[in-house]
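Undergrad: Sharing a structure here in structure tokens format.
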């Protein structure tokens with residue numbers, strides 16, 4: 001196998017201690033707001049746009065080839081000290097064709113406090129090619145610390161007290177970002193044992209069509225300070241439905257060669273449903 005061919009496969013499916021799509025992708029309380037950030041009064045009130053039992057499935061394509069599948073789901077989690085919790089799950093697997101070059105089976109789970117929408121615990125089982133790693137993060141927001149364990153080796157690291165993980169931030173964007181052009185959020189995200197500020201900005205409204213029907217969507221730019229779910233070479237764009245569910249129906253990220261596109265296939269009914 002040529003080195004170039006291996007680089008291309010790696011570009012498609014390296015998913016370091018994620019965000020989803022990813023991808024994409026994607027925070028409970030913000031750092032000090034800039035002028036473009038939302039005030040607390042601007043943030044939409046509960047109920048959450050997603051609920052226990054939601055399961056979204058995506059096809060990942062690269063150079064017009066089906067490269068893999070990804071799912072995101074929300075599960076009920078036992079309460080902690082009387083506070084309700086939910087569990088956010090993300091799974092990404094390579095397609096049969098790509099598996100022959102570079103097999104991927106990555107799984108992420110994040111337990112989030114519903115009231116504060118801050119992550120309490122996150123695990124990431126990374127299986128990429130011959131690489132196998134297990135990550136475990138326990139967030140102690142009141143102390144400004146996270147206990148990070150990689151392959152059995154623990155470390156205690158400082159974090160902002162409002163730090164999200166790389167999957168809970170996507171759900172918080174669904175919860176808090178008004179889907180109107182010009183709206184933006186700035187959030188703290190702890191990713192791969194480092195702290196980052198992540199900016200999310202609504203660029204425009206667009207009509208999109210898919211297996212889920214024809215919907216108005218908000219095209220959201222995610223300004224990435226780190227390589228994310230797709231070993232992306234730049235920023236990521238996510239298209240959220242502008243209805244009450246705010247479903248990410250499409251995500252796109254440039255990689256070393258071409259772009260990765262994630263299109264929703266299941267979990268969101270056709271227009272009128």
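Taken together, the values in this text are just the output of simple stated rules run on the coordinates, not laboratory data. All figures in this text were calculated on a predicted structure; none of them were measured in a lab. Positions of Cβ are backbone-derived with ideal geometry, glycine not excepted, and every protein chain shown enters the neighbour counts.
Undergrad: Which of 207, 251 comes first, and how do the rest follow, when ranked by fewest Cβ neighbours within 10 Å? Before the final figure, lay out the partial values.
TA: Values: 207 8, 251 30.
Starting with the residue having the fewest Cβ neighbours, the order is 207, 251.
Undergrad: A further question follows. Based on the Cβ-Cβ distance of residue 155 and residue 203, what FRET efficiency does E = 1/(1 + (r/R0)^6) give at R0 = 25 Å, to the nearest 0.05? Before the final figure, lay out the partial values.
TA: Working: r = 38 Å, r/R0 = 1.50.
The computed FRET efficiency comes out at 0.10.
Undergrad: Can you put 249, 74 in order of Cβ neighbours within 10 angstrom, beginning with the fewest? Kindly include the intermediate steps, with their values, before the conclusion.
TA: Working: 249 25, 74 19.
Arranged by neighbour count, lowest to highest, 249, 74 become 74, 249.
Undergrad: While we're on this one: What is the gain in length, in nm to one decimal, between residue 254 and residue 125 on full extension, counting 0.36 nm per residue of separation less the C-alpha to C-alpha distance? Can you show the working numbers first?
TA: Working: separation 129, 0.36 × 129 = 46.44 nm, distance 2.42 nm.
The residue 254-residue 125 span can extend by a further 44.0 nm.
Undergrad: On a full-extension model of 0.36 nm per residue, what is the gain between residue 195 and residue 66, subtracting their alpha-carbon distance, rounded to one decimal in nm?
TA: Details: separation 129, 0.36 × 129 = 46.44 nm, distance 3.31 nm.
So the chain would gain 43.1 nm between residue 195 and residue 66.
Undergrad: Between residue 180 and residue 78, what is the label-to-label distance in nm when each label sits 7 Å out along the Cα-to-Cβ direction?
TA: 4.4 nm
Undergrad: Something else about it: If you line up the Cα atoms of the stretch 100-243 on their principal axes, what length do they span on each, largest first, in Å?
TA: The Cα atoms of the stretch 100-243 stretch 47, 45, 26 Å along the principal axes, largest first.
Undergrad: Report the full-extension gain for the segment residue 100 to residue 145: residue separation times 0.36 nm, less the Cα-Cα distance, to one decimal in nm.
TA: On the way: separation 45, 0.36 × 45 = 16.20 nm, distance 4.05 nm.
This chain segment gains 12.1 nm when fully extended.
Undergrad: For a footprinting-style exposure proxy, rank 172, 196 by other Cβ within 10 Å, fewest first. Don't skip to the end; give the middle numbers.
TA: Details: 172 25, 196 15.
Going from least to most buried by this count: 196, 172.
Undergrad: Per residue Cα convex hull volume for the stretch 45-183, in cubic angstrom? Mind dumping the intermediate values first?
TA: Numbers: hull volume 20.7 nm³, N = 139.
Cα-based convex hull of the stretch 45-183, divided per residue, equals 149 Å³.
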